[in-house]
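Asks: Just dropping this structure here.
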Amino acid sequence: MRVLSILSVLFITLISCNCQKKAVEATTETSVNAKEVNANMELIYTANTRGFYQKITVKNQEAFVSSDRNSAEKGESIKISDADWKELSGYINSLKLDQLATYKDPTQKRFYDGAAIANLKVISEEKEYQTVDFDNGFPPVEIEKLVNKITSLAKKE
């Protein structure tokens, strides 16, 4: 009986180690795939009030900045440097896209015209992920570096 117990514990231990190894391999494959998706991702940042509008679209190492909400054109084109693109890609890869809509806004200045209403949308592989509205200049902590990088690209004009 004792030998049977020891053998069963040993068998269960070996099986659980194998399961952990498979889980680590699956996680590694997912992170590699996320880096490949970056080329197909599109980031759209908008900020607006009654008298102000800004739309920044980032895709394939290029940013388009538009300040006309009624225009069908993408706006002015800005080429993104390799260093900026690498930094932006790092921020994107650290995001959990399915949790983007759950991030809380730190301030509510937009409710009394203290700040423009801002929003970030990520389009990846035909799926759309969008944040809740937040104050322009005060993004949720989880996406703060990404949003600040996107808005800094528009200021480099």
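Just so it is clear, none of the values below were taken in a lab; they were calculated from the coordinates. Keep in mind that this is a model prediction, so the values were computed, not measured. Positions of Cβ are generated from backbone atoms using ideal geometry, with glycine treated the same way; all protein chains shown enter the neighbour counts.
Asks: How high is the relative contact order of the range 41-155, given as a whole-number percent (alpha carbon pairs under 8 Å, six or more residues apart)?
Replies: Relative contact order comes out at 28 percent.
Asks: Also: How big is the charge dipole of the range 41-155 about its Cα centre, in debye rounded to the nearest 20, if each Lys and Arg gets +1 on its Cβ and each Asp and Glu gets -1 on its Cβ?
Replies: With only Lys, Arg, Asp and Glu charged at Cβ, the dipole is about 220 debye.
Asks: Let me ask you something else. Based only on other Cβ atoms within 10 Å, what is the fewest-to-most ordering of VAL58, VAL3, VAL65, VAL132?
Replies: VAL3, VAL132, VAL65, VAL58
Asks: Which loop trypsin sites (Lys or Arg not before Pro) in the range 106-157, with loop taken from DSSP, have no more than 14 other Cβ atoms within 10 angstrom of their Cβ?
Replies: Those that pass, being in a loop and sparsely packed, are LYS156.
Asks: Between their Cα atoms, which of LYS104/LYS145; LYS59/LYS109; LYS79/LYS109; LYS79/LYS145 are more than 23 Å away from each other?
Replies: Too far apart for the 23 Å limit: LYS59/LYS109; LYS79/LYS109.
Asks: List the residues, sorted by chain then number, that are 5 or more residues from PHE138 or on another chain and whose placed amide H is less than 5 Å from its amide H.
Replies: Hits under the 5 Å cutoff: none.
Asks: Please list, or write none, the aspartates and glutamates whose alpha carbon is within less than 20 Å of the alpha carbon of LYS96, excluding same-chain residues fewer than 8 places away.
Replies: GLU25, GLU29, GLU36, GLU42, GLU87, ASP105, GLU125, GLU126, GLU128, ASP133, GLU142, GLU144
Asks: Restricting attention to the range 91-137, which GluC sites (Glu not before Pro) occupy a DSSP loop and are surrounded by at most 12 other Cβ atoms within 10 Å?
Replies: Loop-located and lightly packed - GLU125, GLU126.
Asks: List every residue whose amide H lies under 5 Å from the amide H of GLU62, counting only residues 5 or more places away in sequence or on a different chain, with H placed 1.01 Å from N in the peptide plane.
Replies: Result for GLU62 returns ILE80.
Asks: Arrange the following residues from fewest to most other Cβ atoms within 10 Å of their Cβ: TYR112, TYR45.
Replies: Sorted ascending by nearby Cβ count, the order is TYR112, TYR45.
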